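K.L.:
My structure is below; once you've seen it, I'll send some questions.
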Amino acid sequence: MEKKYYVIGNWKMNPGNLNEAKSTAKTLQRITPNSKYVETVICPPSVFLYTLQKEIKGKTKYGHQGIHHEPKGAFTTKISASMAASAGAKFGIIGHSEERREGVTDEMVSGSLKNCLKEGMTPVLCVGENERDQNGFYFNIIRQQIETALSNIPKTRYTDIIIAYEPVWAIGKDAKRPASANEFLEIKIYIQKVITDLSNRKTADEVSIIYGGSADDTNILPFLEAGAMGFLPGRASLEPEVFSKMVLEVIDFAKNEGSK
Ligand code: PEP
């Protein structure tokens, strides 16, 4: 089976109101190229999700930012997997560093992942170290994040999960720089090793590993060449022209790969 590429936009807490969200989504749906090789997704704030997926339709699917680790109950402000799915989310961003920063633990990420799969959404599991130390401790962090997240998931479901490598130091407007393609490649190989240790090589090869961290239309080609199966852009996903150029670049790359 041919593997798909993904470009998944994380709008975070943007834009500021529903009208702006509709207008951004409309442009994005209109100008984003579509292809059998690439799945495009946008993850707006949950309060906009239902309206956008109902009114602003197109080839780009919708996803949800964050899924709670419990299926329901007394968790003020939180959104469960079944709520997100019933509001139209096909994907769920799980374990984003901005959630982990607020106290979400690897164990919670594991519950969210399980709930997301149970409700039929594709989880986008975010992993990444806060910093790169000289002794390679960051490898342990990645291993711990993945091992705990997958601890309650049947091995047969691993290939239904997208893993986004998002080094925290490369995310957001204060990031020093995006990761390099070599830094991505190193972690991609390591993630495959961790999954091989948990299951087998074939499964590890089939899991889609994407990159996030200041990715935009000017810098993604080396990541594709290093084996990234797509991207999880934040800021770039709020600019439909930039997002659609990224998608176009991924389509071109995928077509070339497909014809080799
Ligand atoms: C993110 O927060 O997931 C992200 C990658 O953001 P940005 O692209 O803006 O660095």
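What follows is calculated from the coordinates using simple rules that are stated; it is not laboratory data. Here the structure is a predicted model, which is why all the values come from computation and not from measurement.
K.L.:
Take every Cα-Cα distance within the chain, group them into 10 Å bins from 0 onward, and report for each bin the whole-number percent of pairs it holds.
P.N.:
The calculated distribution, bin by bin, is 7, 33, 39, 19, 2, 0.
K.L.:
Additional query: By DSSP, what percent of the beta bridges with both residues in the range 5-258 are antiparallel, rounded to the nearest 5?
P.N.:
Of those bridges, close to 5 percent are antiparallel.
K.L.:
By DSSP, what percent of the beta bridges with both residues in the range 5-145 are antiparallel, rounded to the nearest 5?
P.N.:
Beta bridges within the range 5-145, antiparallel portion: roughly 5 percent.
K.L.:
May I pose another question? Relative to the present Cα-Cα distance, how much length would full extension add between residue 105 and residue 173 at 0.36 nm per residue of separation?
P.N.:
My answer for the length gained is 22.0 nm.
K.L.:
Okay, next question. Calculate for the chain the 222 nm mean residue ellipticity that helices alone would give, adding -39,500 (n - 2.57) per DSSP H run of length 4 or more and normalising by residue count, nearest 500 deg cm²/dmol.
P.N.:
-12500 deg cm²/dmol
K.L.:
Once you've got the Cα coordinates, tell me which of 4/61; 3/26; 36/173; 26/90; 3/114 are over 25 Å apart.
P.N.:
Beyond 25 Å: 3/26; 36/173.
K.L.:
Determine which aspartates and glutamates satisfy two conditions relative to residue 22: a Cα distance under 17 Å, and not lying fewer than 8 residues away in the same chain.
P.N.:
55, 239, 241
K.L.:
Here is a follow-up. When only Cα pairs under 8 Å and 6 or more residues apart are kept, what is the percent relative contact order across the range 102-218?
P.N.:
Reported as a whole number, the value is 29 percent.
K.L.:
Gain in length, residue 36 to residue 14, computed as 0.36 nm per residue apart minus the alpha-carbon separation, to one decimal in nm?
P.N.:
Here the segment from residue 36 to residue 14 would lengthen by 5.0 nm.
K.L.:
Pull out a ≥ b ≥ c, the square roots of the eigenvalues of the alpha-carbon gyration tensor of the range 1-96, then state rounded if a/c is under 1.5, prolate if not and a/b is larger than b/c, and oblate in the remaining case.
P.N.:
Oblate.
K.L.:
Here is a further query. Taking H placed 1.01 Å from N in the peptide plane, check which residues at least 5 places from residue 62 or on another chain put their amide H under 5 Å from its amide H.
P.N.:
Here 42, 90 satisfy the definition.
K.L.:
For the range 137-148, in order, what is each residue's ³J(HN,Hα) by Karplus, 6.51 cos²θ - 1.76 cosθ + 1.60 with θ = phi - 60°, in whole Hz (x at glycine and Pro)?
P.N.:
Karplus-based 3J(HN,Hα) across the range 137-148 equals 5, 4, 4, 5, 5, 4, 4, 4, 4, 6, 4, 5 Hz.
K.L.:
What list of ³J(HN,Hα) couplings, whole Hz, do you get for the range 14-28 from phi and the Karplus terms 6.51, -1.76, 1.60, once you set θ to phi - 60° and write x for glycine and proline?
P.N.:
Once rounded to whole Hz, the list reads 9, x, x, 7, 5, 4, 5, 4, 5, 5, 5, 5, 5, 4, 4.
K.L.:
I'd like the Karplus ³J(HN,Hα) series for the range 153-161: coefficients 6.51, -1.76, 1.60, θ = phi - 60°, whole numbers in Hz, and an x wherever there's a Gly or Pro.
P.N.:
Residue by residue, the range 153-161 yields 10, x, 4, 5, 9, 4, 6, 8, 10 Hz.
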